[in-house]
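J.: Have a look at the structure that comes next, please.
The values are calculated or read from the model by the stated rules, or taken from the named source; none is laboratory data. Just so you know, these numbers come straight off a predicted model, no measurement behind them. For neighbour counting, all protein chains shown are included, and Cβ atoms are generated from backbone atoms with ideal geometry for every residue, glycine included. All accessible areas refer to the heavy atoms of the entire protein, side chains included, with ligands and DNA or RNA removed. Shrake-Rupley method; radii C 1.70, N 1.55, O 1.52, S 1.80 Å.
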Amino acid sequence: MDETTRTVLQRVVRKVPATRLREVLRTWGRVPARQLDLLDFSTSKFVLFEDVRSLCEVNSALTELLMSLFHFIGNPAQGVWRACHLTEPDVELRQFKEQFKARLTELISNVSVKIKKHDDEAVWIRIAWGDHFHRPNQLKPTYVVHHLQTPYVFVYNLSTKHKPLLYQALVLATRHGSMKDSHLSGKSLTSIRDFLMRSYQQAFPTKYARPLQEKNTAPTNPNIEKEHAEQEEKRLQLACEAFGEGNVPRLETATYKLETRYRGSGNETLNNREEPFRALIKFSSANLLVSLNHCVSAGMAETPVTPLLSSITQKGKNYFVITDKGSGNSSQSMVQKK
Amino acid sequence: CLTSTQLVENEEQFQKKLADVIVNAEKDVSVGVRLARRLPLPVENEETRPCIDLVVFIINLSFERSFQSVELSLKYVDPGFFLGKVCFLVTGARCWSVSSDRLQSVRKLATSLRCPLLYAEDQTVEGVNTAAARLLRVLKVTAGLTPWATGLSLSTLTRCTLSSDLEGDFD
């Protein structure tokens, strides 16, 4: 072991409190586990250091530095962290614009592309598609909105024919590996954006019940008393945890495509089929999250909220494909991401 | 004077409106109104719960579940209450889309239990006020505030009966 590595190792062993040292050494991975168990961590640091040093398979100073890094990550201790801010990302936007236009025109000639950056860091792209024989159709453009710092892209009016071309161009222009469908759709762009990025008021599971005063709209007469007030509060809390509260983003539909076996009672012919019973269940509402919240808080849907419904907010999707999973003994179907 | 009534309604809509009117109507009698969706009532409230003078089951004829919920809740009512301290309040009876079967079932139920069956209009302010006034009159009797009547005698006079003619008399 050369001098620098020895010093670094000595310093680390000295600085790390004895209670944490075992953990740090284990994370470091340079001391075999068996021998780590045999080490006595209650001895003095000097003795400990000699033991550790003899057990190490040391190759370079880099490993010691890594060890001190692990320790620092686990205990970012006494100093002060400062925040900084990257500004003027125009270079990135210019590159994106050039790349995207170039890629798309490579893939399909006769296409008209206009790119504009909005105030709120969103890049709007308008694409009119044409082909070898026709000029770009300006009456049915596709709109694409992308926030450069996020992996999200929102697409409007894109036909299946042009989908792979657009995806390809975007993937290459943003230097990502691939692009896939998020299974989330809605009428309002701001709503689905807020929904996806979870920038709406969420309720988090709390040990203490929310104070009743918050939810009473008007002071009620003390003579009126609700028997099930506690359960009502619990239901409301669970509903808000599952679907948000206050001004939630407006979703219009939630669709479940079932590809499960039929498991009802009574209908013999449907029960014994081998192939799955295909069905499509669609919930629609002017404001879906508020409706579902009301279903749960009013007691119409049972609590705890079934994961089929809470997946809407948990996964940020409103289109699900549900298949049977596992062997026949379980009668629950699991939600699968497509 | 303190009286207390328990309103049980699965939809929890009409009971709120009724409660607001009831507690504000009476000046010389203090009326306590307790609201619940169904029975049984939670055990935790037993200590603080006053003696209930009248239990009102509110059934909305537009919802099948409303009636089913009341049927299930009835099991949890102490038999002593049925001697004049239980009454049924039905809303939505005028609605043309409601099948007459449902109303018939409710009437059968009320008749079998020998309880009065009241009809109420829950969509208008006058309807709510009228229903509240009727309930208050019944409540005053069952609470013993009317000297010449008891709950049992009143319910004997006003209890629901089934006539053979489907269009028959309304209580």
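J.: Just give me the residues in the range A:117-159 being farther than 26 Å from A:SER178 by Cβ, touching a Ser or Thr at 6+ places or on another chain (Cβ under 8 Å) and open to solvent by less than 70 Å² (accessible area, probe 1.4 Å), in sequence order.
T.: Listed by number, the residues that qualify are A:GLY130, A:PRO136.
J.: If I ask for residues that are in a helix (DSSP H, G or I), more than 11 Å from every other protein chain (Cβ to nearest Cβ) and at pLDDT 70 or above, which ones from the range A:202-243 would you list?
T.: A:GLU233, A:LYS234, A:LEU236, A:GLN237, A:LEU238, A:ALA239, A:CYS240, A:GLU241, A:ALA242, A:PHE243
A quick yes/no check of all residues on (1) open to solvent by 80 Å² or more (accessible area, probe 1.4 Å); (2) more than 14 Å from chain B (Cβ to nearest Cβ):
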{"site": "A:ILE281", "(1), (2)": "no, yes"}
{"site": "A:SER285", "(1), (2)": "no, yes"}
{"site": "A:THR303", "(1), (2)": "no, no"}
{"site": "A:SER310", "(1), (2)": "no, yes"}
{"site": "A:LYS315", "(1), (2)": "yes, yes"}
{"site": "A:TYR319", "(1), (2)": "no, yes"}
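J.: For residues that are in a loop (DSSP other than H, G, I, E, B) and without any contact (Cβ under 8 Å) to a residue 40 or more places away in the chain, scanning just the range A:163-187, find the one that is nearest to A:GLU106 (Cα to Cα). Lay out the reasoning, then the answer.
T.: Looking only at the range A:163-187, we keep the residues that are in a loop (DSSP other than H, G, I, E, B), and these are A:174-187.
Within this subset, residues satisfying the condition of being without any contact (Cβ under 8 Å) to a residue 40 or more places away in the chain are A:175-181.
On the way: A:ARG175: 16, A:HIS176: 18, A:GLY177: 19, A:SER178: 18, A:MET179: 19, A:LYS180: 21, A:ASP181: 23 Å.
This residue is A:ARG175.
J.: Another question, if that's okay. Go over the candidates B:GLY80, B:GLY32 one by one and state the one that is at pLDDT 85 or above and open to solvent by 40 Å² or more (accessible area, probe 1.4 Å). If you could, list the steps in order and put the result at the bottom.
T.: Numbers: B:GLY32 fails: open to solvent by 40 Å² or more (accessible area, probe 1.4 Å).
Unique residue meeting the criteria: B:GLY80.
J.: Could you list, in sequence order, the residues of the range A:170-189 that are closer than 22 Å to A:GLU252 by Cβ and surrounded by 12 or more Cβ atoms within 10 Å (Cβ to Cβ)? Before the answer, list the steps.
T.: Restricting attention to the range A:170-189, the residues satisfying the condition of being closer than 22 Å to A:GLU252 by Cβ are A:181-189.
Passing the criteria: A:ASP181, A:SER182, A:HIS183, A:LEU184, A:SER185, A:GLY186, A:SER188, A:LEU189.
J.: Being part of a helix (DSSP H, G or I) and either modelled with pLDDT under 85 or facing chain A (nearest Cβ under 9 Å) (or both) is the filter here; which residues of the range B:1-25 pass it?
T.: Once the filter is applied, which keeps residues that are part of a helix (DSSP H, G or I) and either modelled with pLDDT under 85 or facing chain A (nearest Cβ under 9 Å) (or both), the range B:1-25 yields B:LYS16, B:ALA19, B:ASP20, B:ILE22, B:VAL23, B:ASN24, B:ALA25.
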